[in-house]
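The structure appears right after this line, and notes come after that.
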Amino acid sequence: MKLASLKKGGRDGTLVVVSRDLARAVAVPAIAGTLQAALDDWETAAPALASVSTELEAGKRADAFTLERAELAAPLPRAYQWADASAYVHHVALVRKARGVEMPANFWTDPLMYQGGSDSFLGPRDAIEVEDEAWGIDFEGEVAVITDDVPMASTRSAAGAHIKLLMLVNDVSLRNLIPGELTKGFGFFQGKPSTAFSPVALTPDELGEGWDGAKLHFPLLSEVNGEAFGRPSADIDMTFDFPTLIAHAARTRRLTAGSIVGSGTVSNDDPDVGSSCLAERRMIEIIETGEAKTPFLSFGDRVRIEMLDAEGRSLFGAIEQEVVRYTPPT
């Protein structure tokens, strides 16, 4: 089934079940008012939501309404946990090679992960608001999973069963702020503004053979200003799969239902498939020519991130965002 959250209904939105063609939706207050409430009681809520989904597909829901993408928040408008990894180590290797910095060997065996801000996610059509273009505005196309309660010290073999939903991500980055933050030795903060997510979150069964319980087997498509930018496959060159990432995140703590774990920038070793962020293309340019030629995003630029199934149908709907200048309150 496909689930989404309308912006109306408070800070956590209003949960709706969405048709497979992303055209219609049904609110389900009798089951759960929000997606977080459904995840808190997933064993009970999931079968009831699945029944609504079946009725919606069969045209048996008189209360169905046309879904307007602009009215959607992120599936989880805010979350208790947003842990983003760098599962495609090829991407990390490119960045370090371009900087002339050797990559530690344990990057291939121990996942990189940081704890992102999860109090104010962006909806799929919300603007990317930035005060200054000089901060190096970038998009990052990713895949993420949402878990139920994950016990501390869960093994990889047990972690996969806790994946309840999948989404697409635009993990917005301010590249020119990040180096200064990293030199302090305390991680990202200002360099990682609010993250955007796809219109809908999917249960794994919606993906058929495209989901093997650990990786998603479709290309991630990104565009900048209507021009194709990248189409790397989400399964190829994924060094750490999602059960591995969840087990890593839960090594010393429990993960609460509604925790989001991201893959990091989807990246393939094949240069012909392009990239899922501007920084990676710039690193390739530096390695090949000694100079980055691709600019970061400017005000008015538009980014689109989407994933299609084998028949060309949009699985999660598209993230479509414009970069706009933010004016601070006076």
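The values are calculated or read from the model by the stated rules, or taken from the named source; none is laboratory data. What you are looking at is a predicted structure, and each value in this text was computed from that prediction instead of being measured. All Cβ positions, even for glycine, are placed from backbone atoms using ideal geometry, and neighbour counts span all protein chains on display. The accessibility values were calculated without ligands, DNA or RNA, using every heavy atom of the protein model including side chains. Shrake-Rupley method; radii C 1.70, N 1.55, O 1.52, S 1.80 Å.
Laid out as a table, the results:
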| read-out | value |
| --- | --- |
| Which numbered condition F188 misses (of (1) farther than 19 Å from D301 by Cα; (2) modelled with pLDDT of 95 or more; (3) aromatic (F, W, Y); (4) more than 14 Å from the chain's Cα centre (by Cα)) | (2) |
| Single residue of the stretch 7-42 satisfying the filter (in a strand (DSSP E or B) and open to solvent by less than 10 Å² (accessible area, probe 1.4 Å)) that is nearest to M307 (Cα to Cα) | V18 |
| Selection from the stretch 68-82 of residues that are surrounded by fewer than 22 Cβ atoms within 10 Å (Cβ to Cβ) and aliphatic (A, V, I, L, M) | A70 |
| Candidates D40, D12, D21 - the one that is touching a helix residue (DSSP H, G or I) at 6+ places or on another chain (Cβ under 8 Å) and of a type in the set (D, E) | D12 |
| Filtered residues of the stretch 5-37 (kept if over 20 Å from the mean Cα position of the chain (by Cα) and small (G, A, S)) | G9, G10, S19, A23, A25, A27, A30, A32, G33, A37 |
| Residue list for the stretch 43-54, restricted to those being touching a residue at least 12 places away in the same chain (Cβ under 8 Å) and either of a type in the set (S, T, N, Q) or open to solvent by 60 Å² or more (accessible area, probe 1.4 Å) (or both) | S53 |
| Flag for E209 being open to solvent by 50 Å² or more (accessible area, probe 1.4 Å), of a type in the set (D, E, K, R) and out of contact with any Lys or Arg (no Cβ under 6 Å at 6 or more places or on another chain) | yes |
| Contacts under 7 angstrom Cβ, first residue in the stretch 301-327 being closer than 17 Å to T203 by Cα, partner surrounded by 21 or more Cβ atoms within 10 Å (Cβ to Cβ) and hydroxyl-bearing (S, T, Y), 6 or more apart | F316/S198; G317/S198 |
| Strands (runs of 3 or more DSSP E) wholly inside the stretch 61-167 that include at least 2 residues being under 26 Å from L207 (Cβ atoms) and of a type in the set (G, A, S) | 82-85, 141-147 |
| Some residue of the stretch 91-106 being under 16 Å from V266 (Cα atoms) and buried (at least 24 other Cβ atoms within 10 Å of the Cβ) | yes |
| Neighbours by Cβ (under 8 Å, 6+ apart or cross-chain): first from the stretch 62-77, within 11 Å of A25 (Cα to Cα); second open to solvent by 80 Å² or more (accessible area, probe 1.4 Å) and in a helix (DSSP H, G or I) | none |
| Matching entry among S276, S298 (being open to solvent by less than 70 Å² (accessible area, probe 1.4 Å), farther than 26 Å from I236 by Cα and not acidic (D, E)) | S298 |
